[in-house]
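Here the structure comes first, spelled out in structure tokens, and everything after it is commentary.
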Amino acid sequence: MNLKNLEAFYWVVSLNSFNKAAIKLQTTQPAISQKITALEKSLGFNTLDRSSRQLKPTHKGMTLFRYAEKFMRLETDLIAELAEDHYLTATIRLGVSETIVYTWLVEYIEAVQLAFPKVSVEIVVDLTPNLQESVRTGHLDMAFLLGPTLAFECIEQPLCDFELSFLASPLLQGTIGQMSLSNLMSHTILTYPKTTYPYKELKIKIKQQAIDEPCSITSYSLATLLRLAVQGLGIAVVPTLTALKEIQQGQLEIINTPVQLQKFDFTAIYVQGRDTVLKEKLTTLAISVSQHAMQALLAKIPK
């Protein structure tokens, strides 16, 4: 039995799609079809039920699928366990939230290059819901995103957390001294869209104090929010460390306020299967890098 054909079958069933399996294995859909046909010819039975519109394995195919998963895990784990880290070869598609990009992603990639010089990393920056779905469907191998992730079965490990601050430009009038929530909400608020955690958290505070919702400008782009805040167009509600450069340069100031918002918690996720041991090692490295980088960044915030 050809293990590459078995691997193709595993991903077709896992992702419920020939096309998605082809993307996962970086090949073409016809090539995947040929591998499945060759596998069935060598086994002497059909692995997929072709009588239904829905792609699903036959009874024997389901048994094969369970063993295919074991074969794949054993193969990749054996290679990863026996090989030194600097000899491991793979291409890992890594999804990251923009908050990570603005803080410790560079340090992490440098650490990966040093520890795993033969591992290539393809970085995709996107929103947490999109990153979750891409890991689930196999378009991404792993992701660093806002947690926790409960949408599907995956390995999840905590990475770091970020405090949210109210930030304003010195150009913005009325931001001197301590500001109550009512004072804050009298200004235009610059933050993530209304479906996201920061806005929902802020809305709870507003409702508790019976304050009218403020005028707001929302965007998924952190760069856009920071640019608007620097220009004095409103008060930004974003993770403090993502604006460290602007704070150090005096373009933005942390507003003195008793209002406290819950922290952003970030996690690393991946599914078991191909390159599981490598993904474990990359996650362990991410935890170490994030902890050291966050401590260094926090020390740079002006007192």
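Each reported figure results from applying straightforward, stated rules to the coordinates on display, with no laboratory input. Just so it is clear, the model here is predicted, and its values are computed rather than measured. A quick note on method: Cβ atoms are made from the backbone with ideal geometry, for glycine too, and the neighbour counts reach across all protein chains shown.
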Problem set entry | Reachable aspartates and glutamates from K207, criterion Cα separation under 13 angstrom, eight or more residues apart if same chain | none
Problem set entry | Label-point separation, K245 to Q157 (7 Å along Cα→Cβ), nm | 3.0 nm
Exercise. Tally Lys and Arg at +1 and Asp and Glu at -1 over the other residues with C-beta under 11 Å from the C-beta of C154: what net charge comes out?
Worked result: 0
Problem set entry | Computed magnitude of the charge dipole of region 164-254 (debye, nearest 20; Cβ of K, R +1, Cβ of D, E -1) | 200 debye
Exercise. Any idea how far apart H292 and L150 come out in nm if each label point goes 7 Å out from Cα toward Cβ?
Worked result: 3.5 nm
Exercise. For the chain, what is the relative contact order in percent, using Cα pairs closer than 8 Å and at least 6 residues apart in sequence?
Worked result: 23 percent
For this session: Output the peptides 8-20, 196-208 sorted from most to least packed, where packing is the average of other Cβ atoms within 10 Å over each peptide's residues.
Result: 8-20, 196-208
Exercise. In what sequence do I235, I32 fall when counting other Cβ within 10 Å, fewest first?
Worked result: I32, I235
Exercise. Antiparallel as a % of all DSSP beta bridges within region 164-254, to the nearest 5?
Worked result: 55 percent
Exercise. How big is the antiparallel share of DSSP beta bridges in the chain, given as a percent to the nearest 5?
Worked result: 55 percent
For this session: Take the cross-link list K279/K300; K118/K279; K24/K279; K20/K281 and give me the ones stretching past 22 Å between alpha-carbons.
Result: K279/K300; K20/K281
Problem set entry | Linear extension gain, Q54 paired with V101, 0.36 nm per residue minus alpha-carbon span | 13.0 nm
For this session: For L48, enumerate residues with amide H under 5 Å from its amide H, sequence gap 5+ or separate chain, H modeled in the peptide plane.
Result: T58
For this session: Return the FRET efficiency for the residue pair S219, H86: r is the Cβ-Cβ distance, R0 is 35 Å, and the value is rounded to the nearest 0.05.
Result: 0.25
For this session: Just need log10 I(q)/I(0) for region 237-303 at q = 0.20, 0.21, 0.27, 0.29 Å⁻¹, Debye formula, equal scatterers on the alpha-carbon atoms, no solvent, rounded to two decimals.
Result: -0.92, -0.97, -1.25, -1.31
Seminar exercise, completed: Here, trypsin sites (Lys or Arg not before Pro) of region 58-156 satisfying both criteria (DSSP loop; at most 16 other Cβ within 10 Å) are K118
For this session: List V135, V124 from most exposed to least, where exposure is judged by having the fewest other Cβ atoms within 10 Å.
Result: V124, V135
For this session: Divide the volume of the convex hull of the Cα atoms of region 1-135 by its number of residues and quote the answer in cubic angstrom per residue.
Result: 121 Å³
Exercise. With N residues in region 3-82, what two-decimal value do you get for its Cα radius of gyration over 2.2 N^0.38 Å?
Worked result: 1.07
For this session: Let me know the charge dipole size of the chain about its Cα centre in debye, to the nearest 20, where only the beta-carbon of Lys, Arg (+1) and Asp, Glu (-1) is charged.
Result: 840 debye
Exercise. What is the fewest-to-most order of T267, T188 by other Cβ atoms lying within 10 Å of their Cβ?
Worked result: T188, T267
Seminar exercise, completed: Ratio for region 164-254, C-alpha Rg to 2.2 N^0.38 Å, reads 1.00
